[in-house]
Amino acid sequence: MASSDIKRLSLLGAIGVCAVVATYDGWLTFRHLTPNEHFFRIYRFVVAALLATWLVTDAQERRRDRPTFDHGGFALFLFVLYAPYYLFSTRRVVGILIFGGMVLLSALPWFAELIATYAR
């Protein structure tokens, strides 16, 4: 599979997961229910894994991956620190905007809760 396909699939997967979870969370909030905290932990991990896959593939595509112990592990487990650093170092201001999009994407369920709360 080509690296551009991996990047596209991981980004579409992250968007799809966020959309499904936001819809589910909004529906539960509308019905005065809430998912438990474990659900959101799994959600955050899955989205971080998909976006970390995008970052690692992008680094390989740009030939910016440096020999480290585990580049993918750093991108996943230190995502909040690694993603802005990598995106700023490769794209400057556009990278910060991309990271802002990632943050907004992962906050989509919170926005769905907010909308469902006011729609009741």
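Computed from the coordinates by the stated procedures, all read-outs in this text should not be read as laboratory data. Given the structure is predicted, the values throughout are model-derived calculations rather than measurements. Cβ: placed from backbone, ideal geometry, glycine included. Neighbour counts: every protein chain shown.
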Between Phe45 and Arg8, the FRET efficiency computed from the C-beta separation at R0 = 25 Å comes out, to the nearest 0.05, as 0.70
Looking at the stretch 3-119, what % of the alpha carbon pairs are farther apart than 24 Å?
-> 31 percent
Any DSSP H helix in the chain with Cα axial reach of 18 Å or more and mean Kyte-Doolittle score of at least -1.0? Listed by number, the hits are 3-30, 37-61, 93-106
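What's the magnitude of the charge dipole for the chain around its Cα centre, counting Lys and Arg as +1 and Asp and Glu as -1 at the beta-carbon? Answer in Debye, nearest 20.
It works out to roughly 260 debye.
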Out of Ala75, Ala22, Ala116 - ranked by how far each Cα lies towards the positive end of the dipole of the stretch 3-119, with unit charges on the beta-carbon of charged residues - the top one is Ala75
Using alpha-carbon positions, the gyration tensor of the stretch 8-54 gives root eigenvalues a ≥ b ≥ c; with a/c under 1.5 called rounded, otherwise prolate if a/b exceeds b/c, else oblate, the class is oblate
